[in-house]
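Heads up: the structure comes next, in structure tokens.
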Amino acid sequence: VPPTCDLARDLPGWVSTVVRRPPPALRDHKKLQVLHEGREESHRDEEKFLQVLLAAAPGDGVDLAAVCIVEYGLKQNDAAIFASNADGPYRNSILTVAATRMLVIPSLAFAPWLLKKISSKSVQMIGFAGCILFNFLLAIAYEDLKKLNLLFDALYIFQLSFQSLPGVSTMAISAEIYPSAVKGTGAAISSACGKLGATFGSYYFTHLKNEGRISDIFWTVTFTSALAFILTIVLIPSYNGNTLFKAEELADAGKPREARRMLFSGPQKSAEGKESQEVNGSESDSGEDYSCTSSDEC
């Protein structure tokens, strides 16, 4: 105690300071308790959105897996596909692959533009339908087409171009349909399905190529695209910005079943009674079509 200290005067202040300020160990315990409560609340929020996640993930995940089976399987073996179509040196097939990739670039620019004009689901269905058509032609008439280099290359370029549509739409859908609380989880599930599809496609298509069964590669693409087309119709919702907004509101209110039904209920009308324009399958260009009327509310 300092010699100038007056115990009668200063002791009550010291005691009150100690009582008001808990020791460091107690303060750390309270911080951990608050953190634990926050984590439990976060888990409860995620469980609240789980039904919406499980309703949307299968269709988007399987479609993305199908896209990756086709894309990576063909790209892994397209040099060998063109080599089996010509009697020249192998470098000719490499040049053919380079030329086909360059000619597909316009379709890569066209796909995002088309997403702004029609819904993501429609873009995806068009893409898979084109893949079914052109790969069916390549599969059923492969022996005849491989003798006609120009026609074979043209059909291959067309099917590559149609691959660009679901390649873009599957990414857009996975970024839109999941509620904000589980958007990262949903996109990660879809992405993981895509990685599995890429692995399977690369391995299986290479196996077919090594056995000289090039036509079976195109049959596999045809059936895979047909399955993805059917799953798109059945499992992918048709929606606009109001649909997503209302589904998010219901999920936030703890009504996951209603949110799931809303997500699959089709394009919804705004409060003014107008149906918002489908842009990227979800958003509108004009502010009056949103369910919110100001930037703060949005």
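Is it the case, given these coordinates, that K147 is open to solvent by 10 Å² or more (accessible area, probe 1.4 Å) and outside any helix (DSSP H, G or I)?
yes
Scanning region 149-163 for residues that are within 18 Å of L231 (Cα to Cα) and polar (S, T, N, Q) yields one hit, Q163. Do we find a residue being in a helix (DSSP H, G or I), in contact with a helix residue (DSSP H, G or I) (Cβ under 7 Å, 6 or more places away or on another chain), of a type outside the set (A, V, I, L, M) and open to solvent by 20 Å² or more (accessible area, probe 1.4 Å) anywhere in region 226-236? Looking through region 226-236, at least one residue is in a helix (DSSP H, G or I), in contact with a helix residue (DSSP H, G or I) (Cβ under 7 Å, 6 or more places away or on another chain), of a type outside the set (A, V, I, L, M) and open to solvent by 20 Å² or more (accessible area, probe 1.4 Å). Taken over region 114-144, the residue count meeting the criterion of being open to solvent by 70 Å² or more (accessible area, probe 1.4 Å) and in contact with a Leu (Cβ under 7 Å, 6 or more places away or on another chain) is 1. Residues of region 97-113 that are more than 12 Å from K75 (Cβ to Cβ) and open to solvent by 20 Å² or more (accessible area, probe 1.4 Å): A98, A99, M102, L103, I105, P106, L108, A109, F110, P112, W113. Does V279 meet the test of being of a type in the set (V, I, T) and at pLDDT 75 or above? Considered against the rule, which asks whether it is of a type in the set (V, I, T) and at pLDDT 75 or above, V279 comes out as no.
Can you name the residue in region 190-216 that is free of Cβ contacts under 8 Å to residues at least 40 places away in the same chain and not in a helix (DSSP H, G or I) and is also farthest from I69 (Cα to Cα) among such residues? So the residue we want is E211. Of all the criteria given as (1) within 26 Å of E211 (Cβ to Cβ); (2) part of a loop (DSSP other than H, G, I, E, B); (3) modelled with pLDDT of 85 or more, the one not satisfied by I118 is (1).
The values are calculated or read from the model by the stated rules, or taken from the named source; none is laboratory data. The structure displayed is predicted, hence computed values, not measured ones. Note: ideal-geometry Cβ built from the backbone for every residue, glycine included; neighbour counts use all protein chains shown. Keep in mind that these areas ignore ligands, DNA and RNA; they rest on the heavy atoms of the full protein, side chains included. Shrake-Rupley method; radii C 1.70, N 1.55, O 1.52, S 1.80 Å.
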